Amino acid sequence: ILTARKYDQIGLFLTAIVLFAIAMGVLRQLTLAAAAAALERSKVSLEETNFMFDTALENMAHGLSMFDRNQRLVVCNDRYGEMYGLPSALTQRGTPLRDILQARVAMDCSPRDAEDYVEERLAAIAVLEPYYGVHEMSDGRIFAVSHQPLQDGGWVAIHQDITAQKQAETQIAY
C-alpha cells in the first residue's frame, strides 16, 4: 500500500511537471504569435509608408538626390536622372558623386565652366554648409540647386529647372 501511494505521488509530481512544461510552451507560443503579429503589422505599415514616399518622390516636378557622408548616392528620383541625362547605372544606390559629376561633364550636361566643375562641387560639398546655386548648363538650360547638409554628413539636394522662369524674366526686362 505504501509503495502504491509513493508511485501515485511520483506519478502526480511528474504529471505536474509535464503540465507545467506544456503551459510554459503554450505561453511561449502565444508570446511568439503576438510578436509575429506585431512584426507583420509593422511590416505592412512600413510598406505603406515606403509606397507613399516613393509615390511622392516620383511625382515631384523637381529632381531630388540624397547622398551619404561618403558622397555616395542613397536615393534619387527619376526626374533627377532625366534632368541631367544620366543613365540608370548612375542613379543606383551607392554610385559615387564624382562618377555622376564626371559623367555629366562627359555628356556635356554641366555648367559652361566644366573644367573645374567637378572639383569645385566636391569641395563645396565637403564644407557641409547649406548651398543654393544657379547653374546654366552648356545646352542653355538653367538649374537651381538647393543643397541641405544632414547631421550625419550626407546631404539632400533639390534640382529645379528654372529655364522658362529665367527666359520670362529676361523678356520682361527688355
Report every pair of residues separated by at least 6 positions or lying on different chains whose Cβ atoms are under 8 Å apart, first residue within the stretch 113-127 and at pLDDT below 85, second open to solvent by 90 Å² or more (accessible area, probe 1.4 Å). 114/108
Just one of the numbered conditions (1) under 15 Å from residue 123 (Cα atoms); (2) surrounded by fewer than 16 Cβ atoms within 10 Å (Cβ to Cβ); (3) free of Cβ contacts under 8 Å to residues at least 40 places away in the same chain is not true of residue 101; which one? (2)
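Only one residue in 172, 158, 142, 162 is of a type in the set (Val, Ile, Thr) and either out of contact with any strand residue (DSSP E or B) (no Cβ under 9 Å at 6 or more places or on another chain) or farther than 17 Å from residue 63 by Cα (or both). Which one? Walk me through it before giving the result.
Values: 158 fails: either out of contact with any strand residue (DSSP E or B) (no Cβ under 9 Å at 6 or more places or on another chain) or farther than 17 Å from residue 63 by Cα (or both); 142 fails: either out of contact with any strand residue (DSSP E or B) (no Cβ under 9 Å at 6 or more places or on another chain) or farther than 17 Å from residue 63 by Cα (or both); 162 fails: either out of contact with any strand residue (DSSP E or B) (no Cβ under 9 Å at 6 or more places or on another chain) or farther than 17 Å from residue 63 by Cα (or both).
172 is the lone residue from the list that is of a type in the set (Val, Ile, Thr) and either out of contact with any strand residue (DSSP E or B) (no Cβ under 9 Å at 6 or more places or on another chain) or farther than 17 Å from residue 63 by Cα (or both).
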For residue 158, work out the one condition from (1) at pLDDT below 90; (2) of a type in the set (Val, Ile, Thr); (3) within 18 Å of the chain's Cα centre (by Cα) it doesn't fulfil. (1)
If the requirement is being over 25 Å from residue 124 (Cα atoms), modelled with pLDDT under 95 and in a loop (DSSP other than H, G, I, E, B), which of these qualifies: 38, 61? 61
Suppose we filter 56, 38 for residues that are surrounded by 10 or more Cβ atoms within 10 Å (Cβ to Cβ) and over 28 Å from residue 159 (Cβ atoms); which single one remains? 38
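Do we have any residue at all in the stretch 64-79 that's aromatic (Phe, Trp, Tyr), in contact with a helix residue (DSSP H, G or I) (Cβ under 8 Å, 6 or more places away or on another chain) and either outside any loop (DSSP other than H, G, I, E, B) or surrounded by 12 or more Cβ atoms within 10 Å (Cβ to Cβ) (or both)? It would help to see each step written out before you state the result.
Quick first cut of the stretch 64-79, residues aromatic (Phe, Trp, Tyr) only: 67.
Checking which are in contact with a helix residue (DSSP H, G or I) (Cβ under 8 Å, 6 or more places away or on another chain) leaves us with 67.
If we keep only those that are either outside any loop (DSSP other than H, G, I, E, B) or surrounded by 12 or more Cβ atoms within 10 Å (Cβ to Cβ) (or both) too, we end up with 67.
Within the stretch 64-79 (the criterion being aromatic (Phe, Trp, Tyr), in contact with a helix residue (DSSP H, G or I) (Cβ under 8 Å, 6 or more places away or on another chain) and either outside any loop (DSSP other than H, G, I, E, B) or surrounded by 12 or more Cβ atoms within 10 Å (Cβ to Cβ) (or both)), the answer is yes, since at least one residue qualifies.
Quick one: how many residues across the stretch 12-61 are among the β-branched types (Val, Ile, Thr) and under 21 Å from residue 75 (Cα atoms)?
To start, the set of residues in the stretch 12-61 that are among the β-branched types (Val, Ile, Thr) comprises 15, 17-18, 22, 26, 31, 44, 49, 55.
Add one more test, that the residue is under 21 Å from residue 75 (Cα atoms), and what stays is 49, 55.
Matching residues across the stretch 12-61 total 2.
If you check residue 164 against the conditions, is it modelled with pLDDT under 90, open to solvent by 40 Å² or more (accessible area, probe 1.4 Å) and closer than 16 Å to residue 83 by Cα? It would help to see each step written out before you state the result.
Details: modelled with pLDDT under 90: yes; open to solvent by 40 Å² or more (accessible area, probe 1.4 Å): yes; closer than 16 Å to residue 83 by Cα: yes.
Here the answer is yes, as residue 164 does meet what is asked.
Over 21 Å from residue 148 (Cβ atoms) and modelled with pLDDT of 95 or more: which single residue out of 90, 12 fits that description?
Numbers: 12 fails: modelled with pLDDT of 95 or more.
Checking each option against the conditions leaves just 90.
The values are calculated or read from the model by the stated rules, or taken from the named source; none is laboratory data. Fair warning: this is a prediction, and the values are worked out from it, not measured in the lab. Every residue, glycine among them, receives a Cβ derived from its backbone with ideal geometry; neighbour counts consider all protein chains shown. Heads up: the accessible areas ignore ligands, DNA and RNA and are worked out on the full protein's heavy atoms, side chains in. Shrake-Rupley method; radii C 1.70, N 1.55, O 1.52, S 1.80 Å.
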